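Values quoted throughout were computed directly from the atomic coordinates according to the rules given, and no laboratory measurement underlies them. Since the structure is predicted, the reported quantities are computational estimates derived from the model, not experimental observations. All Cβ positions, glycine included, derive from the backbone under ideal geometry; neighbour counts span all protein chains shown.
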Amino acid sequence: MTLLAACSGLALAQNHSGGAADLHGIDRYIRAEMQLNEIPGVAVAIVRGNEATTKAYGLKSLASGEPMTPDTPVELASASKPFTALAVLQLVKAGKLNVELPAARFLPELSAGDGSALERITVRHLLRQTSGFARRNNFLAPCCGQPGEFDLPLAVRKLRTASFRRAPGAAFVYADSNYVLLAALVERLSGLPFPAYMRTHVFLPLGMPRTTLDRREALGWGLAGAHERQWGRLRPSPSRFFGWYGASLARSTANDMGRFLAELLSGRTELLGAGMRFEPPYDWGWFITPRAEWLDGSLVLEHTGDIWGGSAAVLIAPERKLGVAVLLNAGVNRAGEIARGLLARTAGLEGPGPSVASRINDPDFWAICLTVASALILAGLVAYVARVWAEFRRGERKFTGMKDWRLRARMILLLAMAGCLLVLALDGGGPPPASLPSTVRLAWPLFAASFAGVLTVAALLSPTARS
């Protein structure tokens, strides 16, 4: 693949005027979004043709008070997927890979030799998120501090145990598992560790020297702090969940993203070159909207990335030669909407106005709800147990025995349900606890334990009656 080795002609400045874009309006829009959603820091890149404007706002960390800059690395999360797709495209152009062949041809450990769904998944299915993998399969691959979390061969072996509800090619279902397998495929065919391949064959040739998959390297460059809402306030995030190679884990800057977008729009990469066709709703690491109403019916390629402590978005309008990247250091799920607003304004359109992110999609909102519900349940339970105890002491309640088999069955059922809830409270019953937001990690076990307490008390009081 032909990639630009250096973008020396790319203008990266704090302010750039011209065209129909209302840059003062853009500035007001970003600051309004930051105020409404309590976002500590924002870095943006706006590209028109081969020229990029980058600018940063606010703080890179509430803890340090340092300012955000266009050279501050920020977590891209799932907005890393377009880069993985570029690596796959390089292998295709080099004749090392045919996307129509089964992925198991290149990753034989996926094959069980029984004609299962895994053996019928092609590389194109993975690229288009139509393999049959679902979100529930993602956490089969180790993450967030678990042993082997950066071991792609291990991730492949773990994903081999996935169960499928849909046949390969039947439907689009977004799952990080698809791009984890693509990363493993890149590593296998290139003979290089995936992070090394991405740096030497993708990031550096694109003119992105401060983009990396190595968190320690990003920290050395001044990685922006992560912030999440905790009990109603935005605070530094303790989360260790950043995703998996291929699907996430890239960190980049506004300046680097500006170079990336300018290179794509130049047509020098095959991704937007002649002959490339995109299949909606998802293809080659991008969500595809053939005629976006909010951009006057233009073709739009976009991808967002959200983790508990950050949010990112990258958008391209190839027909208009426009691109936007938005990097936030807060998990407020607003990067995508802000990026759409910027792209529309850059195109000279009105675009959506600033708005507050819906709390319904905020895990902290549900953590607060669960905690309040737990407190009410526990208060009610304590009051009820106290009342029953008083009834025993006054002789108003007595033990009636357990001769009835239906009574014994009821007790066993209630205690079994309580035990299951306690197991869920301790184990989570799904994703590892370290992958959850900090307030949810506390609120969910508390709620499960309080409800288990209700079931336990109900079971113990079954063989009693008021006299």
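Things to note:
- For Ala52, distant residues with modelled amide H under 5 Å away: Ala11
- Phi angles across the range 339-347 convert, under the Karplus curve 6.51 cos²θ - 1.76 cosθ + 1.60 with θ = phi - 60°, into 3J(HN,Hα) values of 4, 5, x, 5, 5, 4, 5, 5, 7 Hz, Gly and Pro given as x.
- Extension reserve of the Tyr174-Glu38 stretch, reckoned as 0.36 nm per residue once the Cα distance is removed: 46.1 nm
- Legend: residue pairs Lys55/Lys158; Lys60/Lys93; Lys96/Lys158; Lys81/Lys321; Lys55/Lys93, Cα-Cα distance threshold 32 Å; pairs beyond threshold, Lys55/Lys158; Lys60/Lys93; Lys55/Lys93.
- Relative contact order, percent, the chain [alpha-carbon distance under 8 Å, six or more residues apart]: 20 percent
- Using C-alpha pairs below 8 Å separated by at least 6 residues, the relative contact order for the range 37-78 is 33 percent.
- Computed FRET value (nearest 0.05) for Cys420 with Asn50, which takes r as the C-beta separation and R₀ as 41 Å: 0.10
- Rounded to the nearest 500, the 222 nm mean residue ellipticity of the chain from helices alone is -12000 deg cm²/dmol, with -39,500 (n - 2.57) taken per DSSP H run of at least 4 residues.
- Per-residue Karplus couplings for the range 128-136, computed as 6.51 cos²θ - 1.76 cosθ + 1.60 with θ equal to phi - 60°, are listed in order as 8, 6, 10, 6, x, 5, 10, 4, 5 Hz, Gly and Pro entered as x.
- Compactness index (Cα Rg / 2.2 N^0.38 Å), the range 80-211: 1.02
- Expressed in Å, the radius of gyration and Dmax of the Cα atoms of the chain are 26.2, 91.
- Cα-projected label distance for Trp231 with Arg441, points at 7 Å along beta-carbon direction, nm: 1.6 nm
- Computed lengthening from Arg410 to Leu192, 0.36 nm per intervening residue step minus Cα-Cα distance: 72.5 nm
- Spatial separation of Cα centroids for the range 393-427 and the range 63-127, in angstrom: 51 Å
- Cβ-defined net charge surrounding Pro67, 15 Å radius [Lys, Arg +1; Asp, Glu -1]: +1
- Per-peptide average of other Cβ atoms within 10 Å, ordering 79-90, 181-192, 370-381, 49-60 highest first: 79-90, 181-192, 49-60, 370-381
- Close amide-amide hydrogen proximity is noted between Thr464 and Thr400, each under 5 Å apart and 5 or more residues distant or on a separate chain (H modeled in the peptide plane; Pro and chain starts excluded).
- Relative contact order of the range 363-466: 49 percent, from C-alpha pairs under 8 Å at least 6 residues apart in sequence.
- Treating each Cα of the range 363-466 as an identical point scatterer and summing with the Debye formula, the log10 of I(q)/I(0) at q = 0.11, 0.12, 0.17, 0.21 Å⁻¹ comes to -0.44, -0.51, -0.84, -1.05.
- Modelled spin-label separation between Arg105 and Val356, with each label point placed 7 Å from Cα along the Cα-to-Cβ direction: 5.4 nm.
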